[in-house]
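Peer 1: One structure coming up, written as structure tokens, with questions to follow.
Just so it is clear, none of the values below were taken in a lab; they were calculated from the coordinates. Fair warning: this is a prediction, and the values are worked out from it, not measured in the lab. Positions of Cβ are generated from backbone atoms using ideal geometry, with glycine treated the same way; all protein chains shown enter the neighbour counts.
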Amino acid sequence: MIKFLKLLFLTGIFLLSSCTEELPLEEGVFDNPLDEDEVSYETPALTFFPFINDVSLGGSFIVSVFILGVEDLGGSYVKFSYDKNQIEYLNDGVGDLFDDASQSPICLVEVDQNTGIVTINTSFLGSDSTHVDGTGSIVDITFRALSTGTSSLTFDVNSELVTPSDGSIEIKGFGEGVVNAL
Amino acid sequence: MKKPILLPFILLSTFLIAQSAKPTVAILDFEGQGVSASEVQTLTERMRTEIGNTNAIRLIERKAVEKIMAEQGFQQSGCTNDECASEVGQLLGVQFMVSGSIGKMGDAYTIDAKMFSVETGETVRSKNATHKGDISGLLNEMQIMAWEITGLDAPANLKLKRAGSEATRTVAVMDFEARGITPQEAQTLTDRFTTALSSTKKVVMVERGTMVDVLEEQGFEGGGCASDECAAEVGAMLGVEYMISGAIGKLGDTYTIDAKMFSVATGAAESMKSITYSGKVDGLIVEIESLAWDILGLDPPKSIRRKLQQGSPNYANMGPKPKSKAGALVRSMVIPGFGQLYSGKTKTAVGVLLLEAGMIGLAAKSSGDYASSQTEYETQLANYQGATDPGEIAGYKIIVEQKRADMTDANNQLALFSGIAAGLWAINTIHAFLTGPELASNELNKPYRLAYNPIKKQAQLSWEFSL
């Protein structure tokens with residue numbers, strides 16, 4: 001009888017435990033690199049969006065270079081590197097950070113395919129007061145995967161942000177991009 | 001061609017034949033085709049021996065046939081046509097001659113025999129038989145042929161031997177004598193006994209109809225042939241080796257079965273068994289089935305032993321099994337409330353069932369809520385991860401957190417309701433067991449019982465017996 005009751009108890013416990021669902025983890029769920037409340041660095045900051053790029057071999061993908069939480073931005077000099085053996089540059093386009101500006105900026109993108117370094121220069125002509133604030137992309141770059149593997153997109157810490165009066169804006173954080181070519 | 005020395009022999013033969021009304025017959029050695037001469041000679045000799053047993057003819061000895069043929073310059077093997085046989089028959093002074101052939105085709109042996117009139121040359125009777133198997137099986141076929149060629153039925157033992165060569169004994173069962181029970185009951189039990197004997201596959205049985213025919217021929221009506229002498233006589237006529245006879249008696253509630261198997265040839269008892277049984281007459285069936293095995297010196301099969309162990313009251317009472325606590329428990333384990341229903345507590349059963357169904361329903365609803373919240377959660381999380389506008393990011397983030405809270409609530413409810421359902425199920429099974437039928441009827445039937453006496457407040461071992 002005691003053996004039976006034990007069996008009954010175990011069966012009840014089993015039924016009880018089998019009737020609950022496994023909740024998703026709370027930690028690490030909010031991982032949008034543009035979510036200023038969740039990222040580990042302070043703003044203003046430079047980051048890639050999306051920060052993880054899964055791409056098949058030979059396929060292309062777009063990475064946006066974002067400036068987060070900036071105020072009174074008049075120009076920028078942003079430099080980052082990529083693995084030239086794994087991906088290759090295809091083309092680029094002006095981002096949306098400057099959409100609300102009173103004039104269109106000059107945007108120069110230089111790509112050195114031999115070293116895998118991209119240099120982006122943006123500035124406004126003619127007026128010292130034109131500037132933008134907030135968060136947005138300065139350029140959208142299209143790459144193509146050449147070989148399988150994982151590599152990273154890394155900002156050069158010497159990148160610069162300046163005000164219309166050419167005052168330096170301190171960049172307090174740098175995000176990193178990851179490319180997974182399958 | 002005929003020599004003077006034959007004359008006295010022929011005259012003597014004619015004289016002897018005239019003394020008897022039985023027809024005279026001589027058998028020529030059969031012609032062999034694919035069978036050796038010695039084998040053919042052995043088989044023909046078997047027919048001669050058996051035909052003498054028919055007691056329906058006068059058979060001329062083989063030596064006499066050989067002598068005549070030698071005098072006429074014939075070899076038996078050379079006298080194969082009807083003219084030669086007829087001539088030999090005339091010299092022997094017999095009325096009929098039997099000749100034939102034994103052949104082999106593949107694995108099968110064939111026997112063709114005919115009896116013809118010496119006087120007219122007309123074939124009186126012809127028979128044939130086919131045998132598959134070893135040539136030794138032809139011995140039995142020749143014996144059967146000996147009877148059939150003379151126009152008689154072969155004895156049952158020969159036919160039985162042909163039908164079941166592996167069986168070691170041929171047996172006939174006389175209807176058991178009824179003493180205190182009706183003849184119909186005795187006959188039914190005898191039939192069951194006969195069936196059980198057949199199922200042993202160790203004996204070849206004579207059909208009841210055949211035996212009844214023999215009994216009727218002998219002028220015995222039902223139960224008239226009760227003595228061993230009569231049974232032995234019937235057995236001899238049936239051609240069986242053993243007879244089984246017996247009696248079933250009733251004294252109060254007690255039945256006795258006495259059975260005896262004895263040799264027809266010697267009259268010696270081979271096996272004698274007695275059974276005493278108390279209970280309903282139905283229970284005798286198992287006893288008599290067991291007896292069929294016992295009388296042959298065999299162990300009854302498991303099925304019969306099990307029935308015997310269960311006891312006649314259980315076997316006779318094939319009604320519904322008595323209710324038990326265990327039965328209530330098992331039913332409640334499978335479907336909550338069914339144990340109570342089994343115990344006759346209908347209201348409790350319905351209550352338990354409805355409560356359990358309600359809890360399971362609420363748990364199922366919670367599970368559904370969880371699933372829909374999870375789907376929404378995953379959709380909004382994907383929107384959040386793809387958003388680039390800070391305002392949208394913040395908005396999606398709030399929705400994702402809300403959906404996660406919904407999932408948590410649904411999961412908590414699921415755990416609560418399924419927990420209640422599981423607990424209810426456990427309580428229901430324990431309740432079914434504790435409130436199940438107090439005592440099974442088989443326990444009540446036991447002569448002894450260990451139970452708690454609430455009046456004397458002590459456990460007591462009681463013992464009952466009928467006066």
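Peer 1: Would you list B:E401, B:E289 from fewest to most Cβ contacts within 10 Å? Walk me through the intermediate numbers first.
Peer 2: Values: B:E401 15, B:E289 23.
Ascending Cβ contact count within 10 Å gives the list B:E401, B:E289.
Peer 1: How big is chain A along each principal axis, measuring the range of its Cα positions in Å and listing the largest first?
Peer 2: Result for chain A: principal-axis Cα extents of 94, 37, 25 Å.
Peer 1: Now for a different question. Would you calculate the convex hull of the Cα atoms in region B:31-121 and tell me its volume per residue in Å³? If you can, show how the numbers build up before the last one.
Peer 2: Values: hull volume 9.1 nm³, N = 91.
Dividing the Cα hull volume of region B:31-121 by its residues yields 100 Å³.
Peer 1: On to the next question. On a straight-distance basis, which aspartates and glutamates could pair with B:K302 in a cross-link, Cα separation under 16 angstrom, same-chain partners fewer than 8 positions away excluded?
Peer 2: B:E287, B:E289, B:D294
Peer 1: What spacing in nm lies between the two simple spin-label points modelled at B:S198 and A:S102, each 7 Å away from Cα in the Cβ direction?
Peer 2: The two pseudo-label positions are separated by 11.9 nm.
Peer 1: Report, as a whole number in µm² per second, the diffusion coefficient that Stokes-Einstein gives for the protein assembly as shown at 10 °C and 1.306 mPa s using the Kirkwood radius over alpha carbon pairs.
Peer 2: On the way: Rh = 37.9 Å.
The estimated diffusion coefficient comes to 42 µm²/s.
Peer 1: Obtain the nm distance between the two label points defined at B:R162 and B:Q72 by a simple spin-label model: each point lies 7 Å from its Cα along the Cα-to-C-beta direction.
Peer 2: Each label point lies 7 Å from its Cα, and together they span 3.1 nm.
Peer 1: Tell me which GluC sites (Glu not before Pro) from region B:92-151 have a DSSP coil assignment and no more than 13 other beta carbons within 10 Å of their own. List each step's numbers first, then the result.
Peer 2: Working: sites: B:E119, B:E122, B:E141, B:E148; in loops: B:E119, B:E122.
Passing both the DSSP loop test and the Cβ count: B:E119, B:E122.
Peer 1: Here's another thing I want to ask about it. Per 0.36 nm of contour for each residue apart, how much would the distance between B:A364 and B:I398 grow if the chain were fully extended, relative to their Cα-Cα spacing?
Peer 2: Using 0.36 nm per residue and subtracting the Cα-Cα distance, I get 9.5 nm.
Peer 1: Over region B:6-154, calculate the relative contact order: mean separation of alpha carbon pairs under 8 Å at least 6 apart, over the residue count, as a percent. List each step's numbers first, then the result.
Peer 2: Details: 243 pairs, mean separation 38.0, N = 149.
Once normalised by length, the contact order is 26 percent.
Peer 1: Give the span of region B:169-316's Cα atoms along each principal axis, as three whole-Å numbers ordered largest to smallest.
Peer 2: Rounded to whole Å, the extents work out to 43, 30, 25 Å.
Peer 1: Taking only Cα atoms of region A:127-182, what ratio of Rg to Rh do you get with Rh as the Kirkwood inverse-distance radius? Provide the component values of the computation, followed by the final result.
Peer 2: Details: Rg = 15.8 Å, Rh = 14.4 Å.
The Rg/Rh ratio comes out at 1.10.
Peer 1: Hey, got a sec? Which GluC sites (Glu not before Pro) in region A:41-96 land in a DSSP loop and have at most 11 other Cβ atoms within 10 Å? Mind showing how you got there, number by number?
Peer 2: Numbers: sites: A:E42, A:E71, A:E88; in loops: A:E42.
Those that pass, being in a loop and sparsely packed, number zero.
Peer 1: Please rank B:L291, B:L251, fewest neighbouring Cβ atoms within 10 Å first, as an exposure proxy.
Peer 2: Working: B:L291 25, B:L251 11.
Listing B:L291, B:L251 from fewest to most nearby Cβ atoms yields B:L251, B:L291.
Peer 1: So how far apart, in nm, are the two label points at B:S303 and A:L25 if each is 7 Å from Cα heading toward Cβ?
Peer 2: For B:S303 paired with A:L25, the spin-label model returns 6.5 nm.
Peer 1: Just round it to a whole percent: the fraction of Cα-Cα distances in region B:325-445 exceeding 26 Å.
Peer 2: 47 percent
Peer 1: Please compute the Kirkwood hydrodynamic radius of region B:111-198 from all pairs of different C-alpha atoms, in Å with one decimal. Let's see the in-between values first.
Peer 2: Details: mean 1/r = 0.0614 Å⁻¹.
Answer for region B:111-198: a Kirkwood hydrodynamic radius of 16.3 Å.
Peer 1: Once the piece of chain linking A:I117 and A:D133 is laid out straight, how much longer is it, given 0.36 nm per residue of separation minus the C-alpha distance between them? Mind showing how you got there, number by number?
Peer 2: Numbers: separation 16, 0.36 × 16 = 5.76 nm, distance 2.68 nm.
Result: 3.1 nm gained on full extension.
Peer 1: Among B:I27, B:I257, what is the fewest-to-most ranking by other Cβ atoms within 10 Å?
Peer 2: On the way: B:I27 24, B:I257 20.
In order of increasing Cβ crowding within 10 Å: B:I257, B:I27.
Peer 1: If I take every Cα pair under 8 Å that is 6 or more residues apart in chain A, average their sequence separation and divide by the length, what percent do I get for the relative contact order?
Peer 2: Value for chain A: 31 percent.
Peer 1: DSSP loop (so not H, G, I, E, B), at most 16 other Cβ within 10 Å: list which trypsin sites (Lys or Arg not before Pro) in region B:264-310 pass both filters. It would help to have the intermediate numbers written out before the result.
Peer 2: Working: sites: B:K273, B:K280, B:K302, B:R305, B:R306, B:K307; in loops: B:K280.
Here the trypsin sites (Lys or Arg not before Pro) that fit, given the DSSP loop and packing criteria, are B:K280.
Peer 1: Taking 0.36 nm per residue of separation and subtracting the Cα-Cα distance, what length does fully extending B:D107 through B:K63 add? Before the final figure, lay out the partial values.
Peer 2: Details: separation 44, 0.36 × 44 = 15.84 nm, distance 3.31 nm.
Length difference between fully extended and current span is 12.5 nm.
Peer 1: Over 18 Å between C-alpha atoms is what I'm after, so list which of A:K79/A:K172; B:K132/B:K159; B:K104/B:K132; B:K159/B:K273; B:K325/B:K345 land there. Can you show the working numbers first?
Peer 2: Values: A:K79/A:K172 15 Å; B:K132/B:K159 15 Å; B:K104/B:K132 10 Å; B:K159/B:K273 29 Å; B:K325/B:K345 13 Å.
Violating the 18 Å Cα-Cα cut-off are B:K159/B:K273.
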